[in-house]
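Visitor: Please see the structure below; I have some questions.
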Amino acid sequence: MIKQLLTLIIFTLMIFSCSHEKKSDLLDEIITKDNLISITEKLKTDKDITSEELELYSNGLARFGNSVDSIIGKKVADIIEKQRNFKKEYILNMLSTQTSNLQIHMNLSFKYIGVQKADSDTLQTNILHFELKNKSNTTIKKVEGELEFYDLNNQIVKRFPIIVNYNLEKGKDIKFTDSYQHVPSNPRDTIIRSKYVKLQALWKPTLLEFADGKKLEVKYKE
């Protein structure tokens, strides 16, 4: 009983402390074209401003850098709140992309096997080999995405669009090939064929469509 009472008292004190946390007076400071530096100097010695608020204020000013007139007349708190909302929206968009991408990978296995030359006297072609496996509980009828190749410096070298229109039943796997024109004058195409450049392949799905009409889509932010 005593232990429970102490816990309740501590919890009550924490709530009381948080609700009475002192806010910085500088949050109400209005920005003009002449006081940005002085605001910063005041922030350096302000014990009531939090690290989170400082970070949001700094990033907010940086983001509004291309339209400086838009911050004149705004309070420091306005910049912080706008940046807080921007950050939240950005994280939610990233989370949406991440979870959609992950859900597609949970339902479809994509494995890059390799690239093969197929040249003739009139046309040079790269044939990409890859394997798909349906890990879902229903038939997959369409797959779209890109196969990206990166060098060891994590720089993008080449993107190949992947479109597969095929009814792939649950639990089944199948090997696919797709052909792409090779342009010898294009340095990126040359790298793809090079035996001396190590590349990493990254599968970036954009669409997974099931036979029952359900779709999983990913929209990547540039």
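Visitor: Quote the relative contact order of the chain in percent (integer), defining contacts as alpha-carbon pairs under 8 Å separated by 6+ residues.
Guide: 17 percent
Visitor: Taking the chain as a Gaussian network, Cα atoms linked when under 10 Å apart, which of ASP189, ASP34, ASP78 shows the biggest mean-square fluctuation?
Guide: Most flexible of the set in this elastic network: ASP34.
Visitor: Let me ask something additional. What is the angle, in °, between the Cα long axis of helix 76-107 and the longest principal axis of the Cα atoms in the chain? Nearest 10 is fine, range 0 to 90.
Guide: Approximately 30 degrees, to the nearest 10.
Visitor: Can you list residues from other chains, or at least 5 along the same chain, whose modelled amide H is less than 5 Å from the amide H of ILE31?
Guide: Hits under the 5 Å cutoff: GLY73, LYS74, LYS75, VAL76.
Visitor: So, one more: Let's test the formula: R0 of 41 Å, r as the Cβ-Cβ distance of GLU89 and THR122. What FRET efficiency results, to the nearest 0.05?
Guide: Efficiency, from the Cβ-Cβ distance: 0.20.
Visitor: Place a +1 charge on the Cβ of each Lys and Arg in the chain and a -1 charge on the Cβ of each Asp and Glu, then give the dipole magnitude about the Cα centre in debye, rounded to the nearest 20.
Guide: 780 debye
Visitor: Averaged per residue, what accessible area in Å² does region 14-119 show with a 1.4 Å probe, protein chains only?
Guide: 70 Å²
Visitor: Can you figure out the FRET efficiency of ARG63 with TYR180, using R₀ = 41 Å and their beta-carbon distance, to the nearest 0.05?
Guide: Between ARG63 and TYR180 the formula returns 0.55.
Visitor: Among ILE91, ILE163, ILE39, which one shows the highest mean-square fluctuation when the chain is modelled as a Gaussian network with alpha-carbon springs under 10 Å?
Guide: The residue that fluctuates most here is ILE39.
Visitor: Here's something else I'd like to know. Counting each DSSP H run of 4 or more residues in the chain as -39500 (n - 2.57), what helix-only mean residue ellipticity at 222 nm follows after dividing by all residues, to the nearest 500 deg cm²/dmol?
Guide: Rounded to the nearest 500, the figure is -12000 deg cm²/dmol.
Visitor: A further question follows. State whether region 74-183 is rounded, prolate or oblate according to the following rule on the C-alpha gyration tensor (a ≥ b ≥ c being the square roots of its eigenvalues): a/c under 1.5 gives rounded; otherwise a/b larger than b/c gives prolate, and the remaining case gives oblate.
Guide: oblate
Visitor: Based on Cα coordinates alone, diagonalise the gyration tensor for the chain, multiply each eigenvalue by 5, take square roots, and list the semi-axes in whole Å, largest first.
Guide: The equivalent ellipsoid of the chain has semi-axes of 52, 28, 15 Å.
Visitor: A follow-up question, please. Of all accessible surface on region 73-222 at a 1.4 Å probe, what whole percent is carbon and sulfur?
Guide: 48 percent
The values are calculated or read from the model by the stated rules, or taken from the named source; none is laboratory data. Just so it is clear, the structure is predicted and the values come from calculations on it, not from any experiment. Neighbour counts are summed over all protein chains in view; Cβ atoms, including those assigned to glycine, are modelled from backbone coordinates with ideal geometry. All accessible areas refer to the heavy atoms of the entire protein, side chains included, with ligands and DNA or RNA removed. Shrake-Rupley method; radii C 1.70, N 1.55, O 1.52, S 1.80 Å.
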